[in-house]
1. Could you look through region 168-218, keep only residues that are among the acidic types (Asp, Glu) and within 30 Å of Ser294 (Cα to Cα), and pick out the one that is farthest from the ligand (Cβ to nearest atom)?
2. Out of curiosity, is Thr5 within 14 Å of the ligand (Cβ to nearest atom), part of a loop (DSSP other than H, G, I, E, B) and more than 13 Å from the chain's Cα centre (by Cα)?
3. For residues in region 36-45 being within 12 Å of the ligand (Cβ to nearest atom) and buried (at least 19 other Cβ atoms within 10 Å of the Cβ), which is nearest to the chain's Cα centre (by Cα)?
4. Take Thr22 and decide whether it is within 9 Å of the ligand (Cβ to nearest atom), in a loop (DSSP other than H, G, I, E, B), in contact (Cβ under 8 Å) with a residue 40 or more places away in the chain and of a type outside the set (Phe, Trp, Tyr).
5. Say whether the condition of being surrounded by 15 or more Cβ atoms within 10 Å (Cβ to Cβ), within 17 Å of the chain's Cα centre (by Cα) and of a type in the set (Gly, Ala, Ser) is met by at least one residue in region 314-331.
6. Which count do you get for residues in region 355-369 that are in a loop (DSSP other than H, G, I, E, B) and touching an Asp or Glu at 6+ places or on another chain (Cβ under 8 Å)?
Amino acid sequence: MSVVTRFAPSPTGFLHIGGARTALFNWLYARGRGGKFLLRIEDTDRARSTPEATAAILKGLDWLGLDHDGEVVSQFDRAPRHAEVAQALLAKGAAYKCFSTPEEISAFREKAKEHGRSTLFQSPWRDADPSSYPDAPYVIRLKTASDGETVIEDQVQGRVVIRNDQLDDMILLRSDGTPVYMLAVVVDDHDMGVTHVIRGDDHLNNAARQMGIYSAMGWDVPVWAHIPLIHGPDGKKLSKRHGALGVDEYQKMGYPAAGMRNYLARLGWSHGDDEFFTDAQAQDWFDLSGIGKSPARFDFKKLENLCGQHIAAAEDAALLREIEAYLDVTEENPLTDAQRDGLARGMYCLKERAKTFPELLEKARFILTDTPVVPDEKAQKALDPVSRGILGALTPHLQNASWSREELEAATAAFADAQGTKFGKLAGPLRAALAGRAVTPSVFDMMLVLGKEETIRRIEHAVTSETG
Ligand code: GLU
């Protein structure tokens, strides 16, 4: 069987972290099996759906690299098809017209409550003779089996059994002829050939009702996998403080998409003790049996840790492209050609131990800074007159060095020796001169990335400029 999964968000807001994880699980499951991953926008609720939300969801998926197959399906556009299925169920006798008014339904409920009976509405029209139908508005209801049980063999939750007498005859088509959401989901999943429904466990109850439509139509039921929600680190429902943000916020915080994918995959799914993995590994390993039954806890520390590893492992050119996209979404100045060249040359050392792009860019300050370099307060302290004197004396040794790491290390070590000092004493003033900062990448990395001419220019500037 070839696998077809789907992500079916309602476009009522941004793509939040839970939705992104659902999309990722579906994507991993399909991609790892040579299947298809489809995208359906569930925009039937016209009052709450907005084109902006749809755009935000598409953008979020795009950033996360979760590409879908085929066209994006709009559920609203398929309303005529949903109504057609409701009519087919009616024609089969699996559904019926119900003329009960809202007043009659609440009167039924009141009475049931008084007598301590179930308040689930039982329509008097369920078995009525069509010759008794009034000329009045009606809804179409599904004729749910009144005895027996509905069994959901869920790949995560296990076997879930619901007594059919706990399910009412749900409305399929409203009196204005519009389909209800529950019908739309089933018809769409069937028509799109969805084989596996992987979604939040807040939809588990819906599955029981949806099963009724599948069986009435004689359609194959998909494999169900209802995944537990995400909680905060304290075990409570995920709140904004915990990271219940739109994925665009994570992009703006400068997390790399690969790290985000890795982290989201680990939120509720595991493969042995593996924490850090590539997309190829995740696709290869991902399986429904690895999804846990209890809610995963969102943990920024773990996210950052994985992001750091992904930055370090990324290819330089890809990283540079992602950094440029990051600068774009955060509305920072785009890179100049010189800055881009500098970053490309320095990436090998910048990507070590940076957990986010802002951290990486802070390390890259020696490349991105305007020249002449203006030291910050801490760096300024390292440029006292004595240190400037030492830097001045070092300059000719650098002039004569060929620009390789070994030679630079040897030249500065010999110089420090001759001065009766340690290289450590030179490092502070050099950092200040080259980057204007007290914390920087290694002095030799900076020298190599900047090149001889620029390195000496910066040192000379630091030597001759007045301290404040
Ligand atoms: N549209 C639903 C939601 O955003 C998902 C429905 C489904 O996956 O079946 O929660």
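1. In this case the residue turns out to be Asp168.
2. Values: within 14 Å of the ligand (Cβ to nearest atom): yes; part of a loop (DSSP other than H, G, I, E, B): no; more than 13 Å from the chain's Cα centre (by Cα): yes.
Criteria not met by Thr5.
3. So, considering only residues that are within 12 Å of the ligand (Cβ to nearest atom) and buried (at least 19 other Cβ atoms within 10 Å of the Cβ), the one nearest to the chain's Cα centre (by Cα) is Leu39.
4. Judged against the criteria, Thr22 is not a match.
5. no
6. The qualifying residues number 2.
Per-residue answers, yes or no, for (1) touching a residue at least 40 places away in the same chain (Cβ under 8 Å); (2) among the acidic types (Asp, Glu); (3) surrounded by fewer than 16 Cβ atoms within 10 Å (Cβ to Cβ):
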residue	(1), (2), (3)
Ala354	yes, no, no
Glu359	yes, yes, no
Phe366	yes, no, no
Val373	yes, no, no
Glu377	no, yes, yes
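Table: residues versus (1) touching a residue at least 12 places away in the same chain (Cβ under 8 Å); (2) at positive phi; (3) out of contact with any Cys (no Cβ under 9 Å at 6 or more places or on another chain).
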residue	(1), (2), (3)
Lys422	no, no, yes
Leu426	yes, no, yes
Ser442	yes, no, no
Leu450	yes, no, yes
Glu453	no, no, yes
His461	yes, no, yes
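The values are calculated or read from the model by the stated rules, or taken from the named source; none is laboratory data. None of the values given here were measured: they were computed from a predicted structure. Neighbour counts run over all protein chains shown; Cβ positions are idealised from the backbone, glycine included.
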